[in-house]
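Read the structure below first, then the notes.
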Amino acid sequence: MAVCAIKGCGQAAKQRGMCHSHFHSWRKYGDPLVKRYQRAKGLTCSVAGCERPCHSRGMCSKHYQQWYRQGGIGKTCSIAGCTKPLWAKGWCSGHYGRWGTYGDPLGGGRHEPSTQYLTKGYLMIKLSTGEWVLEHRHIMALTLGRPLSDDELVHHKDGDRTNNVVSNLQVMTMGQHLGHHKAEYWKHWRIAHGRPALKEVTG
């Protein structure tokens, strides 16, 4: 039976060659030899110049979130001329917010309210009845020949919320949609952090 790689520890190795206790300390504080009680005794962030209390993997909460989202510390927005810290999808929080609202990180212009507008990146259209509806749900309802139920969501296969071509739309239940995006999240997380693909891990 393999034992923990930490000198003097005779516990069985569970993950990454360490026992459960040392692996937890490494994952939580960035050092397998750090004990949980040490966090309350002045253990601080390992990032140079930061004196905040250690939260996880040797970093404070702020720097840990940056590392977790970006795969590193100190990365900036990919928009030319923007030096703000990276937040998500390669953009700072401001450009990410514009993408969510207008479907374009550089967006912000007004949309003609009498025809269509964007809400959180999704296209709203006005029907002849005067009712405003989400275009992708309206198109899918017409394609299926029936109204969509409250539990049915319309997924954009290419990730573009304004691309409402029928071939790009797929009806899913809330559970299926959540599972799909969860799998995609971990797929990109593994790539960003240099981890092997799940199929390579499971064999």
- Message: Restricting to region 143-162, name every residue that is of a type in the set (D, E, K, R), part of a loop (DSSP other than H, G, I, E, B) and more than 14 Å from Glu184 (Cβ to Cβ).
- Response: Arg146, Asp150, Asp151, Asp160, Arg161
- Any idea how many residues of region 15-30 are within 28 Å of the chain's Cα centre (by Cα) and outside any helix (DSSP H, G or I)? 3
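Conditions (1) modelled with pLDDT of 70 or more; (2) more than 29 Å from Tyr68 (Cβ to Cβ); (3) of a type in the set (Gly, Ala, Ser); (4) over 17 Å from the mean Cα position of the chain (by Cα), marked per residue:
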{"site": "Lys120", "(1), (2), (3), (4)": "yes, no, no, no"}
{"site": "Leu127", "(1), (2), (3), (4)": "yes, yes, no, yes"}
{"site": "Ser149", "(1), (2), (3), (4)": "yes, yes, yes, yes"}
{"site": "Tyr185", "(1), (2), (3), (4)": "yes, no, no, no"}
- Task: Quickly run through region 49-66 and pick out the residues that are assigned to a loop (DSSP other than H, G, I, E, B) and either in the same structural domain as Pro32 (by TED's automatic domain parsing) or of a type in the set (A, V, I, L, M, F, W, C) (or both).
- Result: Cys50, Cys54, Cys60
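The values are calculated or read from the model by the stated rules, or taken from the named source; none is laboratory data. Not measured: the values here are computed from a predicted model. In this analysis, Cβ positions are derived from the backbone assuming ideal geometry, glycine residues included, and neighbour counts consider all displayed protein chains.
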